[in-house]
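Step one of this worksheet: look at the structure below.
The values are calculated or read from the model by the stated rules, or taken from the named source; none is laboratory data. Just so we're clear, the structure is a prediction, and the values are computed from it rather than from any experiment. FYI the Cβ positions are ideal-geometry reconstructions off the backbone, even for glycines, and counts take in every protein chain you see. Note: areas computed on protein heavy atoms with side chains; ligands, DNA, RNA excluded. Shrake-Rupley method; radii C 1.70, N 1.55, O 1.52, S 1.80 Å.
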Amino acid sequence: MAGAIASRMSFSSLKRKQPKTFTVRIATMDAEMEFSCEVKWKGKDLFDLVCRTLGLRETWFFGLQYTIKDTVAWLKMDKKVLDHDVPTEEPKTFHFLAKFYPENAEEELVQEITQHLFFLQVKKQILDEKIFCPPEASVLLASYAVQAKYGDYDPNVHKRGFLAQEELLPKRVINLYQMTPEMWEERITAWYAEHRGRTRDEAEMEYLKIAQDLEMYGVNYFAIRNKKGTELLLGVDALGLHIYDPDNRLTPKISFPWNEIRNISYSDKEFTIKPLDKKIDVFKFNSSKLRVNKLILQLCIGNHDLFMRRRKADSLEVQQMKAQAREEKARKQMERQCLAREKQMREEAERTRDELERRLMQLKEEATMANEALMRSEETADLLAEKAQITEEEAKLLAQKAAEAEQEMQRIKATAIRTEEEKRLMEQKVLEAEMLALKMAEESERRAKEADQLKQDLQEARESERRAKQKLLEITSKSSYTQSMNSSTTALPTDLPSFNLISESLSFDFKDTDMKRLSMEIEKEKVEYMEKSKHLQEQLNELKTEIEALKLKERETALDILHNENSSRGNSKHNTIKKV
């Protein structure tokens, strides 16, 4: 009895020690994951687990987002997960998204996974029209999205209609023009074909470099009211705080760069922005909810920290990451060059093999034709020989008959003819016999000539047969030589380097000369990029002019009209903020 009580007590103590857990579902832009979390876990514990699972090191851009009462909120790192105002049912769902955006994607985003997550998020925001994108830029961005997904354009693979099921353009852009899906695909494919040679991460980075110049990129908008009760929009982004008219999210009325803000605070629903310059008035506004004020403050603190961090020397971790990224980029460049060389060698070997196979087929056809000609010559020679033999036999028979006729004539002459009548009859018979002998002689001569002609034809046929056999012998010797060459050439690709690259061939040390050469290449790439940017702008203008005639003016949105006005004035995102 005591033993049973002790066992029950030990079991209950184990049960108490076992930590309680709850299930969490994390949704990224292209996948979902489920984790079993302990009740004591803080937001940082869950966030770090997700980052480790994804292999993400640039964690400062991201956060775990959830929705509460139609308001977006972010999981706090220092607060328990269950202490947040999250739904009670399980699994509890959070979205792993970019919370803060870089000023310059190419310089700041180091890891490929970071670039990929940003690419997917910005692409979705453009397609969902949360970021306004003009039509011509939409087509260009779509072409880079296709390059990232499908790789290099191949007309034999990517045939008409291969983009029919892809969502590549905002619905606003599609509805704005009298253009069929085929017409849009044709224009996207024309640019897609120009991106040959770009890898997935390069195409995604080009996408982000274009998208980051869009006016609404990286801006979080909040509805506010100023002291007078006027409805406005507050925009928070990587550069600072911006005040917009509710009908114009493209051009801010007022901007406060982070380096010109002294203090940001809120009390209940009132928010206060104190500029660094004390001569400038303090800007106060009210938001609809206290929860919104907390979110605005979170975004302000995070963006300000990143703004100041960019203007300082990189931390040791970032320096290591960038060095690794440079080495990885150089290694991949070498891999691509090696693969390109191997591909070229294989293509050349295949072309040589195809040419030899074609030549071999040609020689085989010539050999077949020569064999057929030889067989025909042999048949003709046999027929001529048989005919000559028959002619000889006929000539012998005629000669025998002529001899018999001659003997008969001699016998008749030798026979005494006593009477004139008999003599006359005899003379007549002799004359007939002579004529018959003459005819027999002529026929024998004709047959002899015909036999001679047949012998000549037979000789020519045998000569033709001899030449045909000689040509067949030459072709046979050539084909055997070609087959030996073909076998050696066909075996050539097996001697080439395999696509399974050996790690030893790719391991190398980066010396100072390598890094100098790499830096020179980067400078060269910058110059090329400026030239490409100019060419790109010209292409965008050409496309805009080309499709302008198909535009339905009555379907233009307010943002379309505002963008066109800004473009006509030469205003862009950055120079507008500078002017403000």
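Residue-level analysis places ARG353 outside the set of residues that are at pLDDT 85 or above, open to solvent by 80 Å² or more (accessible area, probe 1.4 Å) and touching a Ser or Thr at 6+ places or on another chain (Cβ under 7 Å). The residues listed here are GLY161, GLY151; of these, the one that is within 14 Å of the chain's Cα centre (by Cα) and surrounded by fewer than 21 Cβ atoms within 10 Å (Cβ to Cβ) is GLY151. Only one of the numbered conditions (1) among the hydrophobic types (A, V, I, L, M, F, W, C); (2) buried (at least 16 other Cβ atoms within 10 Å of the Cβ); (3) out of contact with any Pro (no Cβ under 7 Å at 6 or more places or on another chain) is violated by ALA403, and that is (2).
For the range 87-124, residues that are open to solvent by less than 10 Å² (accessible area, probe 1.4 Å) and of a type in the set (Val, Ile, Thr) total 2. Taking each residue of the range 40-63 that is without any contact (Cβ under 8 Å) to a residue 40 or more places away in the chain and looking for partners that are open to solvent by 60 Å² or more (accessible area, probe 1.4 Å) and not hydrophobic (A, V, I, L, M, F, W, C) with beta-carbon atoms closer than 8 Å, six or more apart or interchain, yields LYS42/ASP78; LYS42/LYS79; LYS42/LYS80; LYS44/ASP78; CYS51/ARG57. Cβ-Cβ contacts under 6 Å between residues 6 or more apart (or on different chains), taken from a first residue in the range 162-174 that is assigned by the TED database to the domain that holds GLN125 to a second residue that is loosely packed, with under 12 Cβ neighbours inside 10 Å and not hydrophobic (A, V, I, L, M, F, W, C), are absent. Of all residues in the range 297-319, those being open to solvent by less than 90 Å² (accessible area, probe 1.4 Å), assigned to a helix (DSSP H, G or I) and over 30 Å from ILE224 (Cβ atoms) number 2. When the range 320-347 is filtered for residues that are open to solvent by 80 Å² or more (accessible area, probe 1.4 Å) and among the charged types (D, E, K, R), the ones remaining, listed by number, are ARG326, GLU327, LYS329, ARG341, LYS343. Every condition in (1) surrounded by 16 or more Cβ atoms within 10 Å (Cβ to Cβ); (2) touching a helix residue (DSSP H, G or I) at 6+ places or on another chain (Cβ under 8 Å) holds for LEU127 except the one numbered (2). Restricted to helices (runs of 4 or more DSSP H) entirely inside the range 136-239, those with at least 1 residues that are touching a Lys or Arg at 6+ places or on another chain (Cβ under 9 Å) and among the basic types (Lys, Arg) are 171-176, 200-211. When you check ARG411 against the structure, is it without any contact (Cβ under 8 Å) to a residue 60 or more places away in the chain and either among the acidic types (Asp, Glu) or open to solvent by 100 Å² or more (accessible area, probe 1.4 Å) (or both), yes or no? So ARG411 passes the test. Just one of the listed residues (ASN286, ASN293, ASN259) is in a strand (DSSP E or B) and more than 30 Å from ARG200 (Cα to Cα), and it is ASN286. Of note, THR368 does not satisfy the criterion of being of a type in the set (Ser, Thr, Tyr) and touching a residue at least 24 places away in the same chain (Cβ under 8 Å).
Annotation: ARG198 fulfils all but one of (1) closer than 20 Å to CYS300 by Cβ; (2) open to solvent by 40 Å² or more (accessible area, probe 1.4 Å); (3) in contact (Cβ under 8 Å) with a residue 12 or more places away in the chain; the unmet one is (1).
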